[in-house]
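Okay, so here's the structure we're looking at.
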Amino acid sequence: MPHRKSDASGVSRGRSRAPLDLSLLRTFLVVHRSGSFTAAARVLGLSQPTVTTQIRSLEQQLGRELFERRPRGAVPTSVADELAAQVAAPIDALAAVADRGPLAAEKRPDPVHLAGPAELVCARVLPALAPLTGRGVRLRVTMGLTDDLLDGLRGGRFDLVISTVRLRGRTLVAVPLADEEFVLVAAPAWAERVGPGRVAAEGPAALRGVPLLAYADDLPIARRYWWHVFGERLTEEPAITVPDLRGVLAAVVAGAGVSVLPRYLCLDALASGAVVPLLLPEDPPINTRYLAQRPGTPANPHVQLVRDLLLRSAPAW
């Protein structure tokens, strides 16, 4: 038998093999980035069986398996990773030209679909992006929990997502957006009852009997603060839970108890004296927010405008 050469990905090459179909490569790239055939079908506007058929056809042409089919999605093989690295840039460039079309100057860019946590979006993101409406940018904003929003980003529902967690994997890319510092706060009346300096001197014991207000029953923010600052596990049950930190802040201002909140959300209340910090640790807990999007160059130029303005504005938050 004649010797057949192999490329870097291990896919055999021969003179008789037909050129790969660009449409199959585009489908492959969307599956690789979205992490599932179903999500890729939504992005491409195809049926899921059609996507499956196209991937199988490409695998037959290459003679190698590209994805491992699992219940939670399609996991790329090393061959798929190598192929994606080879074709991503040229396919993205072609897609950008194709999406613009011959009447690009006359076409109004689509709305930018942005998603993130409600409190940060309302308090910081929307004010930062307000100038873009004067430049013709249209925004469609969704608020919710990070895991759900990232699933929507993978599936093509969103252009950009502000994530509360650091991303791993190849289906999404993210850059740090802003750090938020957490502060233990109470209304002045509760601060007087606790006593000046007692939290610094006695730790959580100074707060025994003080109602604790939180985002959820499992106290995700307060638990982290307790462990980071006091080195203790938080075992209290919340007196009030509100699935919106703006509601928690309102309850604190009204004198319902104490809470741990992002400093950016409390700035006005701290400045006016409506709430006061019970402790100012040298090393407060900090959480990093990330700006996530799918790999590739977005065809909509307004997506880049929104992304750039967020990255410029966020350091001042």
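Every read-out reported here was derived from the displayed coordinates using simple, explicitly stated rules and does not represent laboratory data. Everything numeric in this text was worked out from a predicted model, so none of it was measured. Note that we place each Cβ from the backbone using ideal geometry, even for glycine, and neighbour counts take in every protein chain shown.
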Review point. For the residue pair residue 272 and residue 47, what label-to-label distance in nm results when each label sits 7 Å from Cα along the Cα-to-beta-carbon direction?
Key: 5.8
Revision key, fill the gap. Listed with the fewest Cβ neighbours within 10 Å leading, 37, 28 appear as 37, 28
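If I take R0 = 25 Å and measure r between the Cβ atoms of residue 126 and residue 224 in this structure, what FRET efficiency does the formula 1/(1 + (r/R0)^6) give, to the nearest 0.05?
Values: r = 27 Å, r/R0 = 1.06.
So the FRET efficiency works out to roughly 0.40.
Most exposed first by the Cβ proxy, i.e. fewest other Cβ within 10 Å, how do 66, 139, 94 rank?
Numbers: 66 21, 139 17, 94 13.
Lowest count first: 94, 139, 66.
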Practice item. Quickly estimate the mean residue ellipticity at 222 nm for the chain, helices only: each DSSP H run with n ≥ 4 gives -39500 (n - 2.57), and the total goes over all residues, rounded to 500. Key: -11500 deg cm²/dmol
Point to revise | Neighbourhood net charge (9 Å Cβ-Cβ; Lys/Arg +1, Asp/Glu -1) for residue 178 | key: 0
Point to revise | Stretchable slack from residue 72 to residue 217, in nm (0.36 nm times residue separation minus alpha-carbon distance) | key: 49.4 nm
Point to revise | Longest to shortest principal axis, alpha-carbon extents of region 180-287, angstrom | key: 28, 28, 26
**Study point:** Residue range of the chain that is longest and free of trypsin sites (Lys or Arg not before Pro) which are both DSSP loop and sparsely packed (at most 15 other C-beta within 10 Å)
**Key:** 234-317
Point to revise | Compactness index (Cα Rg / 2.2 N^0.38 Å), the chain | key: 1.29
